[in-house]
Amino acid sequence: MNSVILNNAVRFVVLLLLQVLLLNNINFLGYINPYLYILFILLFPFSGSQTLLIFLSFLLGWGVDIFEDSGGINAAACLVAAFIRPVLLRFSFGVSYDYQTIKFSSTQPGARISYVVILVLIHHFVLFLLEFFNFAHFLLLLKKTFFSALFTIILVFLTLALFKRRSR
C-alpha cells in the first residue's frame, strides 16, 4: 500500500513539474499543446477513493493554473475529468471495473484506448471551452481540442509504453 501512495505522489509531482516547466512551452502550429498531466487522473488506482481523486485532480489542475496564470481552467477541466472517470471506466472496462479486478496494464488494448481517448477529449474540450468561453469560435474550439488531444493521446501512449518496458 505504501508503494502505491509513493508511486502516486511521485507521479503527481513529476507530471506537474514536467507540464509547467517543459510541456507548457510547446505550442506547435499555434494551437497544439500537450497536456500530459492528465496521465495522473488516467492512472490513479481504480480501487482508490473517488473523493481523493477529485481533490488531487483539483490540486493538479490548480498547480498548472498557478504557473500558467490561466484562472482556474485547468482545475475545472481536471475536476470534470475526475468526476466523469468512473462512468468511463465502467463504459470501457465493464464488469471487471465493477468488481475492482482490473489493472490498467493488463486490460484489453481496445478498452484502454477508448478510456484514454474519451477522457482526454472531455478534458480538452472543457479546458478550451473555458478558455474561449463562447461559441463564436466553435470551429477553432473543436480544432484546438482535436489536435491537442491527439498530441496528448500519442504522448500518453508513448509514456505508457516507455514505462511498461522499463518495469519488465
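Filter the range 123-134 down to residues that are of a type in the set (A, V, I, L, M, F, W, C) and farther than 20 Å from SER92 by Cβ and give me whichever is surrounded by the fewest Cβ atoms within 10 Å (Cβ to Cβ).
PHE133
For the range 50-73, which residues satisfy the criterion of being farther than 26 Å from ASN134 by Cβ and in contact with a Phe, Trp or Tyr (Cβ under 9 Å, 6 or more places away or on another chain)?
Selection gives GLN50, LEU52, LEU53, ILE54, LEU56, LEU59, LEU60, GLY63.
Conditions tested, residue by residue: (1) at pLDDT 90 or above; (2) over 12 Å from the mean Cα position of the chain (by Cα); (3) surrounded by 13 or more Cβ atoms within 10 Å (Cβ to Cβ); (4) in a helix (DSSP H, G or I).
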| position | (1), (2), (3), (4) |
| --- | --- |
| SER96 | no, yes, yes, yes |
| GLN100 | no, yes, no, no |
| SER114 | yes, yes, yes, yes |
| LEU121 | yes, no, yes, yes |
| ALA136 | no, yes, no, no |
| ILE153 | yes, no, yes, yes |
| VAL156 | yes, no, yes, yes |
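The values are calculated or read from the model by the stated rules, or taken from the named source; none is laboratory data. Just so it is clear, the model here is predicted, and its values are computed rather than measured. Ideal geometry is used to build each Cβ from the backbone, glycine not excepted, and the neighbour counts take in all protein chains shown.
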